[in-house]
Amino acid sequence: MKNLPKILPFLLALCSAPVMAQSGGATYQFPTTGWSAFAPARIECGRLIGANMNSTADQPIPLSFPTASYVVDVIDVSSPSVSLTTAAGGFYTGAGKTGITLVASGQAYSTLTTSAVNTTGNEMSATLAAAASTTRLSLPTIYLSLTTAQGAAATANVRVYCRLHY
């Protein structure tokens with residue numbers, strides 16, 4: 001009992017430490033999940049930095065995902081080089097506006113007015129078509145294909161977020 005005041009802080013620290021488990025030489029914080037690690041619900045699975053908002057040509061967006069399939073969860077468009085007053089178009093699983101429509105061809109990007117951070121108008125989430133949230137995909141590429149070009153040089157950044165199927 002005489003040493004209890006000296007040992008007590010160590011016992012408290014030991015009891016409050018996160019539970020860790022060893023598996024295959026690596027340490028994981030969540031040993032009860034199926035593959036003994038943290039499985040994120042959503043990841044950024046693709047991006048197109050500097051998408052040409054003045055072109056109606058197909059713009060491929062390569063996707064990378066660690067599972068056999070995914071569902072497109074969000075498509076964010078941000079940081080326009082100019083105010084996008086006329087650019088409109090969608091996202092598709094096939095080139096030439098074919099395959100599954102993820103975002104309709106009439107999606108307007110006119111809410112994108114500035115690239116300045118901490119300012120309204122620097123980011124938007126495209127409106128996903130119903131098929132986007134109800135279709136499991138395994139494609140390595142989707143396409144941005146504008147129906148109406150901006151009419152002058154313009155770029156924006158596109159980020160695709162996927163919900164993975166483990």
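Before we move on, is Thr86 of a type in the set (Ser, Thr, Tyr), under 18 Å from Thr56 (Cα atoms), in contact with a strand residue (DSSP E or B) (Cβ under 7 Å, 6 or more places away or on another chain) and free of Cβ contacts under 8 Å to residues at least 40 places away in the same chain?
Values: of a type in the set (Ser, Thr, Tyr): yes; under 18 Å from Thr56 (Cα atoms): yes; in contact with a strand residue (DSSP E or B) (Cβ under 7 Å, 6 or more places away or on another chain): yes; free of Cβ contacts under 8 Å to residues at least 40 places away in the same chain: no.
Spelling it out, it is not the case that Thr86 is of a type in the set (Ser, Thr, Tyr), under 18 Å from Thr56 (Cα atoms), in contact with a strand residue (DSSP E or B) (Cβ under 7 Å, 6 or more places away or on another chain) and free of Cβ contacts under 8 Å to residues at least 40 places away in the same chain.
Quick check: anything in region 35-47 hydrophobic (A, V, I, L, M, F, W, C), within 12 Å of Ala156 (Cβ to Cβ) and in contact (Cβ under 8 Å) with a residue 24 or more places away in the chain?
The answer is no; no qualifying residue exists.
Taking strands (runs of 3 or more DSSP E) that fall entirely within region 83-155, which contain at least 2 residues that are of a type in the set (A, V, I, L, M), modelled with pLDDT of 95 or more and buried (at least 18 other Cβ atoms within 10 Å of the Cβ)?
Numbers: elements: 88-94, 98-103, 123-125, 141-148.
Once the strands (runs of 3 or more DSSP E) in region 83-155 are filtered for at least 2 residues that are of a type in the set (A, V, I, L, M), modelled with pLDDT of 95 or more and buried (at least 18 other Cβ atoms within 10 Å of the Cβ), what remains is 98-103, 141-148.
Checked against (1) within 15 Å of Asn157 (Cβ to Cβ); (2) not in a loop (DSSP other than H, G, I, E, B), Tyr70 meets all criteria but (1).
The values are calculated or read from the model by the stated rules, or taken from the named source; none is laboratory data. Keep in mind that this is a model prediction, so the values were computed, not measured. Cβ coordinates were reconstructed from backbone atoms using ideal geometry, including for glycine residues, and neighbour counts include every protein chain displayed.
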